[in-house]
Amino acid sequence: MKAYLSRRYRICASHRLNVAAFSEEQNRLVFGKCNHPYGHGHNYTVEVTVSGQVDETTGMVCNLADLDGCVQTLLLDRFDHANLNRDPGFSRAVPTTENFCTLIFELLSGAFDRAALERVRVEETGNNFFELERKA
Amino acid sequence: MMLITRRADFSSSHFYWSDRLSPEENARVFGKCANRNGHGHNYTLEVTVRGEIDPVTGFVLDLKELKEILRREVVDAYDHRHLNLELPEFRHTVPTTENIAIAIWGRLRERIPGASLHRVRVYETPDLFADYYGEA
């Protein structure tokens, strides 16, 4: 039987929304306080959903320890307590939460093979979040 | 078509152990969850049903009735119980979050008048949950 397993992780990181090709005024206009020059930070929550057949012996879609280990190496070690603007993944992209969510989806889908990656949801604050789902 | 979700809570103990695996394999696969003395969680159950809105009552179904069904079929059976030792569905099936969601689906299917079961979501902790949609 196919089930979906979701796990939530925390990443504390700073960022600044700024496009080099824009003028200072354009950046202020488009990004508002997110463009303040020295950056700011968030407690992000990353929710990862994977799916698969529940193994008859273990009762699991995948071993949580494998998912935790993959997220630790790929995401937490890299992004937690870091400045997203300095990350190579954002060398050409603004570290909006949309782009952060997309980067996380790409990193996980390229590395985690114990179950199908269904969805990545990144909560920037308790009031806004972004989701990317696997293409049907 | 409308989706309606009702939450309920139960607190239970369990452990992860498969007789198909050796003691060493159980320890390797399940880690601290394989401790045969068991441990416990405050589970949160989220049941989502699907149906048409009755033009007279404005209800898909009476939520009091859904609450009562969840209490009778799930909470009364699972709350303050040892899932491995007291629930027939886990006598030979590991009570992982995935399998709990599947078992609750089985308990509720065909028992919700006027609406069909859409999703069973079981939170083991606020950061870990499993979804089952009745898929094979």
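Coordinate-derived values only; no laboratory data. On a predicted model such as this, the values are computed, not experimentally measured, just so you know. Counting neighbours? That spans all protein chains shown, and the Cβs are built from the backbone with ideal geometry, glycine included.
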Worksheet item: What percentage of all Cα-Cα pairs in the stretch B:2-132 are separated by more than 23 Å?
Response: 36
Item to complete: Taking only Cα atoms and a 10 Å spring cutoff, compute GNM fluctuations for chain B and point out the largest among B:Glu24, B:Glu110, B:Glu68.
Response: B:Glu24
Worksheet item: Using the 10 angstrom Cβ neighbour count as an exposure proxy, how do A:Asp87, A:Asp68, B:Asp131 rank, fewest first?
Response: A:Asp68, A:Asp87, B:Asp131
Item to complete: Please find, in a Gaussian network model of chain B (springs between Cα atoms separated by less than 10 Å), the residue of B:Ser11, B:Ser22, B:Ser116 whose mean-square fluctuation is greatest.
Response: B:Ser22
Worksheet item: Net charge near A:Pro37, counting Lys/Arg +1 and Asp/Glu -1 over other residues with Cβ under 12 Å of its Cβ?
Response: +2
Item to complete: Sum -39500 (n - 2.57) across every DSSP H segment of at least 4 residues in chain A, then divide by the residue count to get the 222 nm mean residue ellipticity, nearest 500.
Response: -7000 deg cm²/dmol
Worksheet item: What fraction of the Cα pairs in the stretch B:1-73, stated in percent, has a spacing above 21 angstrom?
Response: 52
Worksheet, complete the sentence: Highest GNM mean-square fluctuation among A:Asn18, A:Asn85, A:Asn63, for chain A with Cα springs under 10 Å, belongs to A:Asn63
Response to the item:
With no solvent term and unit scatterers on the alpha-carbon positions of the stretch B:74-136, Debye gives log₁₀ I(q)/I(0) at q = 0.11, 0.16, 0.22, 0.29 Å⁻¹ of -0.25, -0.54, -0.98, -1.35
Item to complete: Please tell me the relative contact order of the stretch B:2-132 in percent, rounded to the nearest whole number, where contacts are Cα pairs under 8 Å and at least six residues apart.
Response: 33
Response to the item:
Surrounding charge for B:Tyr43, neighbours by C-beta under 10 angstrom, Lys/Arg +1, Asp/Glu -1, total -3
Worksheet item: Average projected area of the Cα convex hull of chain A, in nm²?
Response: 9.1
Worksheet item: Rg (Å, one decimal) plus Dmax (Å, integer) for the alpha carbons of the protein assembly as shown?
Response: 21.8, 67
Discussion item. Per-residue Cβ counts within 10 Å, from other chains only, averaged over A:55-68: what number is that?
Written reply: 5
Discussion item. Can you tell me, using C-alpha contacts under 8 Å and at least 6 residues apart, the relative contact order of chain A as a whole percent?
Written reply: 31
Discussion item. If you average the C-alpha positions of the stretch A:70-104 and of the stretch B:107-136 separately, how far apart do those two centres end up, in angstrom?
Written reply: 33
Fill in: Principal-axis tilt of helix B:97-108 within chain B, Cα atoms, nearest 10 degrees
40
